[in-house]
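The values are calculated or read from the model by the stated rules, or taken from the named source; none is laboratory data. These numbers come from a predicted model, not from an experiment. For neighbour counting, all protein chains shown are included, and Cβ atoms are generated from backbone atoms with ideal geometry for every residue, glycine included. Side chains included, ligands, DNA and RNA excluded: accessible areas come from the protein's heavy atoms. Shrake-Rupley method; radii C 1.70, N 1.55, O 1.52, S 1.80 Å.
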Amino acid sequence: MRRHLAAVMFTDLVGYTALIRRDESAGREARRAHREAVEKALASHDGDLLQYFGDGSLSTFSSAVEATRAAIRIQREFLARPETPLRIGIDLGDITYDDQGAFGDAVNVAARLEALCAPGAVLISEKVRVELTGHGDLAVASL
């Protein structure tokens, strides 16, 4: 087992199931665009993709600042696609890897934040907010 500190980012396409039922072609295109946006952001912000979950993704970063910048980049790209909004949750903490994947409190919290997030937004934990202090280009609002 391997363990390390990481910023964990979950993404999810809102309404994907309904979209794929209504228009399979549009659903496939939304999923393709999501994966493309995630991969570009990961490459630009030193992130690592751990797994895709159909219409979602799990990624890690060595920096909460870079995870947040990647999330903002992804959301900006998806704001141009109002038919398939995206939710993103980010937490910071210790995670563990084994042959089954990544797990730990930070993975669970990031998943819960993503589920609570408003479509088109990025919801971060208090740990991430603290790391963003001093980075004026990353404005946050407390909920």
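Rounded to the nearest 5, the antiparallel percentage of DSSP beta bridges internal to the chain is 90%.
Counting only alpha carbon atoms, the long axis of helix 105-116 and the longest principal axis of the chain meet at about 40°. Think of region 22-128 as having a plus end and a minus end, set by charges on the Cβ of Lys, Arg, Asp and Glu; of L50, Q100, T68, T68 sits farthest toward the positive end of this dipole. Taking the chain as a Gaussian network of alpha-carbon nodes connected by springs under 10 Å, the highest mean-square fluctuation of the residues V38, V14, V122 belongs to V14.
If the Kirkwood radius is taken over C-alpha pairs of region 1-134, then at 10 °C and 1.306 mPa s the Stokes-Einstein diffusion coefficient equals 108 µm²/s. Look at where the Cα atoms of region 96-112 and of region 1-19 average out, and the two centres are 10 Å apart.
If each DSSP helix of 4+ residues adds -39,500 (n - 2.57) and the sum is divided by the residues in the chain, what number results at 222 nm, nearest 500 deg cm²/dmol?
Taking each H run of at least 4 residues, the total per residue is -13500 deg cm²/dmol.
Between K127 and M1, the distance separating the two model label sites (each 7 Å from Cα on the Cα→Cβ line) works out to 1.6 nm. If you add up the charges near G54, with Lys and Arg at +1 and Asp and Glu at -1, over every other residue whose beta carbon is less than 15 angstrom from its beta carbon, what do you get? For residues surrounding G54, the net value is +1.
For region 29-128, the solvent-accessible area with a 1.4 angstrom probe is 46 square angstrom per residue. When the accessible area of the chain is split by element with a 1.4 Å probe, what percent falls to carbon and sulfur? After summing per-atom areas, the C and S share lands at 50 percent. Across region 89-94, coupling constants 3J(HN,Hα) worked out from phi with the 6.51/-1.76/1.60 Karplus curve, θ = phi - 60°, read x, 9, 9, 10, x, 6 Hz, and Gly and Pro carry x. Between Q100 and E39, the modelled labels are 2.9 nm apart [label points 7 Å from Cα along Cα→Cβ].
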